[in-house]
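Take a look at the structure set out below.
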Amino acid sequence: MRKLLLYFLFIAFLSSCSNATQDNKPEQPAEESTGVTSDIPVSPVTPNATAQVNTGKATPKDAEAEDCIFDQATQTDEFLRVVAALKGYKWNQETRTASFLLPQGDTLLISRGGCEHFTVSVEFRLRNDKTDYTKWSNVFSKALWIAKVLDHEFNYEELKSDIEANRINFSRYEETGTDVISFSEETLTDRNYTLERHLQPGLQKITLSYTIN
């Protein structure tokens, strides 16, 4: 009986020591805010954020335009808009070329533009026209007609004068089957005027052009 009483007293002693240890255990301090905020502003990310960034880099087309001698922005179809005889043309801004349907269903191509060299060119592509263009008189007639229609682009009077006075030079390029006429008047030579004739079965081409360097 005495041993049992001592056992219970020993258990009670151990229990009291355990509770005292827990009561005396230091509390963990609560995590305190430092009160310091970041000086770096954080911007919200939007789906289009990447598209809104301006890299400052020029596109290949912009760079090409900047390197050009002749202003690309002015090379439009404005020169054709007031020409009644060519009403209904279609303009391709990429190639600076207008296409116009002729009465017989043939095509007239008109080009105006350039970067380092500025060229104005008209080309008749004739598949249905039955005119005999082996005769230069018919070629001259065609060339002078379009030069007069576009007299604000071509030197009509100078062309007419050289042709009528026969102040022209003939050349032929056998490898392409092309006949080429050059002119003598100073304005025409300075602008490298040429009149070309290329005749083949099913397609006849007559081209009047000049180039400013």
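If you go through the range 104-128 and pick out every residue that is at pLDDT 95 or above, in a loop (DSSP other than H, G, I, E, B) and surrounded by 13 or more Cβ atoms within 10 Å (Cβ to Cβ), you end up with 1. Would you check if there is a residue in the range 88-102 being more than 26 Å from the chain's Cα centre (by Cα) and assigned to a loop (DSSP other than H, G, I, E, B)? Checked against the condition, which is being more than 26 Å from the chain's Cα centre (by Cα) and assigned to a loop (DSSP other than H, G, I, E, B), the range 88-102 yields at least one hit. Using the structure shown, decide if LEU199 is surrounded by 15 or more Cβ atoms within 10 Å (Cβ to Cβ), part of a strand (DSSP E or B) and in contact with a strand residue (DSSP E or B) (Cβ under 9 Å, 6 or more places away or on another chain). Judged against the criteria, LEU199 is a match. Given the criteria hydrophobic (A, V, I, L, M, F, W, C) and surrounded by fewer than 18 Cβ atoms within 10 Å (Cβ to Cβ), does ALA165 qualify? Spelling it out, ALA165 is indeed hydrophobic (A, V, I, L, M, F, W, C) and surrounded by fewer than 18 Cβ atoms within 10 Å (Cβ to Cβ). Cβ separations smaller than 6 Å between residues 6+ apart or across chains give the following pairs from the range 66-82 residues that are under 14 Å from PHE118 (Cα atoms) to residues that are of a type in the set (A, V, I, L, M) and modelled with pLDDT under 95: GLN72/ALA65.
When the range 47-88 is limited to residues that are modelled with pLDDT of 50 or more and among the polar types (S, T, N, Q), the one that is surrounded by the most Cβ atoms within 10 Å (Cβ to Cβ) turns out to be GLN75.
GLY177 falls short on exactly one of the conditions (1) out of contact with any Lys or Arg (no Cβ under 6 Å at 6 or more places or on another chain); (2) surrounded by 13 or more Cβ atoms within 10 Å (Cβ to Cβ), and that condition is (2). Here is a check on your reading of the model: is LYS142 at pLDDT below 95 and among the basic types (Lys, Arg)? Here the answer is no, as LYS142 does not meet what is asked. Please enumerate the residues belonging to the range 161-196 that are in a helix (DSSP H, G or I) and within 34 Å of the chain's Cα centre (by Cα). Passing the criteria: THR187, LEU188, THR189, ASP190.
Candidates ASN192, ASN169: the one that is modelled with pLDDT of 95 or more and under 30 Å from ARG81 (Cα atoms) is ASN192. Restricting attention to the range 134-157 and to residues that are part of a loop (DSSP other than H, G, I, E, B) and in contact with a Phe, Trp or Tyr (Cβ under 9 Å, 6 or more places away or on another chain), the residue that is surrounded by the most Cβ atoms within 10 Å (Cβ to Cβ) turns out to be PHE154. In the range 185-196, the residue that is surrounded by the fewest Cβ atoms within 10 Å (Cβ to Cβ) out of those that are touching a residue at least 12 places away in the same chain (Cβ under 8 Å) and out of contact with any strand residue (DSSP E or B) (no Cβ under 7 Å at 6 or more places or on another chain) is THR187.
The values are calculated or read from the model by the stated rules, or taken from the named source; none is laboratory data. Here the structure is a predicted model, which means the values were calculated and not measured. A quick note on method: Cβ atoms are made from the backbone with ideal geometry, for glycine too, and the neighbour counts reach across all protein chains shown.
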